[in-house]
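> My questions all concern the structure below.
Throughout, read-outs are computed from the coordinates displayed, never taken from laboratory work. Keep in mind it's a predicted model, so treat the numbers as computed, not measured.
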Amino acid sequence: MHDKATIPASVVFVLGFTMMLGPFAIDTYLPAFPLIADSLGVTIHQVSLSISIYMLGFAVGQLSGGAFSDRYGRRRVLVTGLWVFALAAFYLSQVDSLQQLLAGRFVQSVGGGWIGVSIPAIVRDQVQGVQAAKLFSMIGMVSIVAPAIAPAIGAAILEAGSWGLIFVYLGAYALAMLPLLMVTVFRGPRKPRPPADGIGFVARYAGVIKTPSALPYILWQTASFGGLILFVTYASYIYQGHFQQSRGMFTLLFACNIFAMFACVLLNRLLLNRLSPRPISYVATQVQAVAAVLLLLAAVLDWPVFGFLPAMMLYAGTLGAISPNIQACYLEYFPRSAASAAAVMGTAQFGLGGAASALSNLLPESLLSVVICIAACAAASFACMRWSRRREDATLA
């Protein structure tokens, strides 16, 4: 285990770049939605279902990958996840039907879930205390910055060739991580796994779910994140379909929302010097609810794209202050089982968020339908915030 002076910078960078596969898998192919729809003979609305499938598969991958990682070791699960992700990506570059696209994305997402769940486990194995917090912070920043550049990369690839090249790029990226991980993170002989503590992974997960004060946080985080998933799912339709923006303008408009999140992350870090996480998350959730009302007005009153954009930026930006503070408060309840608690929250986020995104495909293809679903997530988030606050007040009383 590395101490303060000996954490290799190479380990930090390789873990960060490996973590980027998650947002890249979701956002790099967004500019290609119209081309994919034309190629497969379907609508953009139907192509967007591939994001919902990815979210659901990612949740399955996280839940299974966490258990396998504890049983068989970090290296095996992460390497297997990278291979599954890469091979599925190469398959996706050759699909010629919507069914094949959805099947390939599900397999790819399971591999992505194994990758995503392995990174936090590796961090805990490598460092402790302040160094672990710094490494987790870096990974969190990557998860925000990566979506800002992913659509631009996808758009650049489309200038060079067909949409299938985007998936070839993702597969090559995953395979490129293998030798880098072997010479940095997994360098040297394999370490023996710690002895089992006799507690099954199902029992650990059940213990998390049965913790009364934790449940509001799980649902609060899931609802807040669900609105963002819905936006990402329909971003191409909103900007390229409804507002008739070009591929290049779509990339810029999408990046505005990510930059709003980045700004809120920085603001949150400043506020934490004076305030605790809970009041910040309360205010941020209320601001998100206001942003949802503005989005509804934008859809009903048919505002232009640059009237819709600030409201969407405000909604997305609040996640930069809501998500990290919810996670910090939530994990306080699990000093001895933080990994299991994080897996439950991650699975709920992507599983329920993906399910909500998939069910939204049953609604008419319109901006108002999408915005109503996003507003519903904001309302649920606000309700869970009130629920959590009442529990906290009752505990203090």
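> Over the range 199-397, what is the relative contact order in whole percent, taking alpha-carbon pairs under 8 Å and six or more residues apart?
The value is 44 percent.
> Considering amide H positions built from the backbone, and no H for Pro or chain starts, which residues 5 or more places from Thr184, or on another chain, come under 5 Å of its amide H?
none
> Follow-up. Give the Rg/Rh ratio for the chain, taking Rg as the radius of gyration of the Cα atoms and Rh as the Kirkwood radius, to two decimals. Could you put the intermediate results ahead of the total?
Numbers: Rg = 20.5 Å, Rh = 21.5 Å.
Checking Rg against Rh, the ratio lands at 0.95.
> When the Kirkwood hydrodynamic radius is evaluated over all pairs of different C-alpha atoms of the range 199-397, what value in angstrom, to one decimal, is obtained? Mind dumping the intermediate values first?
Working: mean 1/r = 0.0570 Å⁻¹.
Result for the range 199-397 stands at 17.5 Å.
> As a check on your grasp of the helix formula, calculate [θ] at 222 nm for the chain: sum -39500 (n - 2.57) over DSSP H runs of n ≥ 4, divide by the residue count, round to the nearest 500.
That comes out to -27000 deg cm²/dmol.
> Just to be sure I understand the rule: take each whole DSSP H helix in the chain, project its Cα atoms onto its long axis, keep it if the span is 20 Å or more and its mean Kyte-Doolittle hydropathy is at least 0.5. Which ones pass?
Membrane-span-like by this criterion, though nothing is claimed about a membrane: 49-72, 74-92, 98-126, 129-160, 164-183, 215-236, 247-271, 277-300, 305-331, 338-359, 367-396.
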